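The values are calculated or read from the model by the stated rules, or taken from the named source; none is laboratory data. Keep in mind the model is a prediction, meaning the values are calculated, not measured. Don't worry about glycine lacking a Cβ; one is built from the backbone with ideal geometry, like all the others, and counts go over all protein chains shown.
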Amino acid sequence: MNRSTRFKFKKWMAAGVGLLVGTTAFGTERMVLDMVHHNPGEKPYDSAYVDPAVIKEMGYNGKVYFLFESPALAINWESVDPDILPKGSEERVWVDAKAAQIRKMHAACAAQDIDIYAMSDLVLFPKRLIEKYGIEETFGDPKNPQVQKLLRAQINEMFDQFPDFDGLVVRIGETYLQDAPYHQGHIQDKTDAQATIIPLMQLLREEICVKRDKKLIFRTWRAFDNNAPRYQAVSDAVKPHPNLVISIKHCEGDFFRTKPYSRCIGMGRHPQIIEVQCAREYEGKGAYPNYVANGVIEGFEEHAGMKEEINSLRSFYEKSPGLFAGVWTWSRGGGWAGPYVKNEMWCDLNAWVMAQWALDPSQSEEAVFNRYAMERLKLNGEDVATFRKLCLLSADAVINGRYSERGGIQYTWTRDQGISWPSTITDAAKQQRNLKKKDEAIAQWEEIVSLAKSIQWADESTREHAIGSACYGLRLYEIYRSIIYLADAEAHQNQSGIQQWIQAYDEAWAAYKQLPEQYPSVASLYTQDYTRGIKSPADQNVDRLRND
């Protein structure tokens with residue numbers, strides 16, 4: 001049975017027996033997908049999860065290839081016009097090499113019998129095409145008849161030239177071109193349901209789902225992910241199809257703690273696949289313990305008081321099982337630059353638990369977690385319970401040490417490998433609670449280190465990394481605490497406090513920088529001069545106070 005026949009057979013079998021564990025209301029198999037989100041413009045990650053055999057063994061039934069691994073960049077456009085990418089041209093050589101790379105990737109997936117998806121920015125065309133057809137001002141308008149014609153031709157070429165891939169993941173909220181030197185991307189009015197989202201989704205539904213019986217996963221990110229009326233308008237306007245799935249992050253906006261749980265989850269009439277970042281870009285990227293699978297599945301503490309009935313994947317599955325299309329994890333990546341991990345232990349924990357739970361959501365998260373501890377880490381007896389305590393404590397330490405009450409510290413005050421100057425909370429009582437939480441976080445990180453040292457790990461390398469990464473968290477969050485206290489001291493013109501916390505800041509950085517010598521497997525370190533997305537680097541502000 002070839003892959004295409006297998007896909008149709010699974011849908012027929014599921015439809016014949018009704019709604020089962022592992023299927024949606026449309027009778028299709030629940031999707032459990034993974035993607036490695038490489039840093040745009042950089043060398044791709046050296047990650048185990050690039051290998052389809054690795055993720056299949058973890059429980060995944062499909063792989064999403066990243067933006068710059070998409071057939072959208074690798075088609076030759078010959079069915080439209082052979083002069084768009086003429087043979088022998090610099091652009092055509094690049095496109096043909098990209099096509100060869102992608103075919104090799106697809107063959108690796110096909111060998112493991114898992115589904116193949118590609119994420120693509122739209123609208124995205126070769127620069128020569130845009131110039132030749134004189135559509136510089138209109139190519140981002142999906143209502144434009146010429147653009148629609150070219151989009152249909154693009155889809156035709158993608159599926160004809162790459163017949164192995166099972167579906168397209170569409171992104172319109174952003175456009176990355178760092179690794180696409182010969183293409184140009186843009187979309188007009190990306191948040192306008194009537195002008196952009198609905199006509200584009202209808203076109204893609206017709207071309208991909210209906211004509212080709214392939215999957216379309218349409219991402220809501222930065223288009224209609226945090227606006228319930230807009231989401232409902234899109235859902236009402238676009239007719240459902242068994243192959244049409246909407247992708248949405250489990251929280252509104254980006255992957256931050258304290259952000260509201262997505263109010264669009266469970267809405268409308270289209271199945272939804274939930275995006276989960278396993279190595280969160282604003283929380284260390286896997287450099288230290290940060291167990292989020294429990295919160296995603298069973299509910300984070302900050303969502304417990306929501307009025308909405310759905311505030312976790314558990315409640316989504318229980319209240320709207322037919323709309324729960326599955327889980328899409330980013331095992332690695334998101335954001336920019338580092339930290340760069342050498343050991344994927346903490347990424348692996350989140351990804352494995354999410355994948356295994358999604359295969360059968362009737363399981364408790366704790367049962368899946370315990371299996372991970374025993375099967376993947378080879379822990380026994382009390383060490384399983386100790387490891388769980390460590391992991392749950394890491395979630396508390398992260399929210400206490402990095403965040404504040406909603407509306408307090410700016411979410412992006414620290415991200416990727418950088419730290420900026422945090423805002424201070426003007427409400428005195430809230431600010432005191434904020435400072436107290438930073439002290440609590442340090443006590444929690446100290447306990448995490450102690451727990452890591454107490455576990456009988458299966459081998460020395462795992463032990464060294466578990467302890468080293470826990471120390472990484474402790475020492476980084478000591479830096480965080482010193483900065484937040486220092487910003488508070490400056491706001492209150494407390495000169496003795498400024499001097500006290502400058503000293504604490506210097507000592508925290510000195511201890512942090514010793515980590516690679518003590519624990520060689522730890523991730524690369526945060527840097528004091530990182531500026532991407534950082535408006536006011538903390539170190540510059542400390543030097544300013546140091547010299548005042």
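Taking the criterion of being part of a strand (DSSP E or B) and of a type in the set (A, V, I, L, M, F, W, C), the residues of segment 248-283 that qualify are I248, C251, I273, I274, V276. Hey, does segment 334-344 have a residue that's in contact with a strand residue (DSSP E or B) (Cβ under 8 Å, 6 or more places away or on another chain) and over 30 Å from P40 (Cβ atoms)? No, segment 334-344 contains no residue that is in contact with a strand residue (DSSP E or B) (Cβ under 8 Å, 6 or more places away or on another chain) and over 30 Å from P40 (Cβ atoms).
Just wondering, is there one or more residues in segment 208-231 that are among the β-branched types (V, I, T), in the same structural domain as R152 (by TED's automatic domain parsing), in contact (Cβ under 8 Å) with a residue 24 or more places away in the chain and surrounded by fewer than 19 Cβ atoms within 10 Å (Cβ to Cβ)? There is at least one residue in segment 208-231 that is among the β-branched types (V, I, T), in the same structural domain as R152 (by TED's automatic domain parsing), in contact (Cβ under 8 Å) with a residue 24 or more places away in the chain and surrounded by fewer than 19 Cβ atoms within 10 Å (Cβ to Cβ). If I ask for residues that are surrounded by fewer than 18 Cβ atoms within 10 Å (Cβ to Cβ) and part of a helix (DSSP H, G or I), which ones from segment 399-432 would you list? Once the filter is applied, which keeps residues that are surrounded by fewer than 18 Cβ atoms within 10 Å (Cβ to Cβ) and part of a helix (DSSP H, G or I), segment 399-432 yields T412, A428, A429, K430, Q432. Does I310 count as touching a Lys or Arg at 6+ places or on another chain (Cβ under 9 Å) and either over 23 Å from D396 (Cβ atoms) or assigned by TED's automatic domain parsing to the domain that holds E405 (or both)? In short, yes. Does S469 count as of a type outside the set (F, W, Y), in the same structural domain as Y411 (by TED's automatic domain parsing) and under 18 Å from W346 (Cβ atoms)? So S469 fits the description; yes. A single entry from G338, G286 fulfils the requirement of being touching a Ser or Thr at 6+ places or on another chain (Cβ under 9 Å), in a loop (DSSP other than H, G, I, E, B) and surrounded by 24 or more Cβ atoms within 10 Å (Cβ to Cβ): G286. Please determine, by comparing only the residues of segment 416-460 that are among the hydroxyl-bearing types (S, T, Y) and touching a Ser or Thr at 6+ places or on another chain (Cβ under 7 Å), which one is nearest to S524 (Cα to Cα). Going through the qualifying residues, I end up with S420. Applying the criterion of being out of contact with any helix residue (DSSP H, G or I) (no Cβ under 8 Å at 6 or more places or on another chain) and small (G, A, S) to the residues of segment 365-390, the residue that is nearest to G299 (Cα to Cα) is A367.
Within segment 357-378, is even one residue more than 24 Å from the chain's Cα centre (by Cα) and over 29 Å from E275 (Cβ atoms)? Yes; the residues of segment 357-378 include at least one that is more than 24 Å from the chain's Cα centre (by Cα) and over 29 Å from E275 (Cβ atoms).
Among the residues here, D189 does not qualify as touching a residue at least 60 places away in the same chain (Cβ under 8 Å) and not aliphatic (A, V, I, L, M).
In the set (1) in contact (Cβ under 8 Å) with a residue 60 or more places away in the chain; (2) surrounded by fewer than 18 Cβ atoms within 10 Å (Cβ to Cβ); (3) over 23 Å from F224 (Cα atoms), the condition left unmet by P145 is number (1). Starting from residues that are of a type in the set (G, A, S) and either part of a loop (DSSP other than H, G, I, E, B) or in contact (Cβ under 8 Å) with a residue 12 or more places away in the chain (or both), keep the ones in segment 341-382 and report whichever is nearest to R463 (Cα to Cα). So the residue we want is A373.
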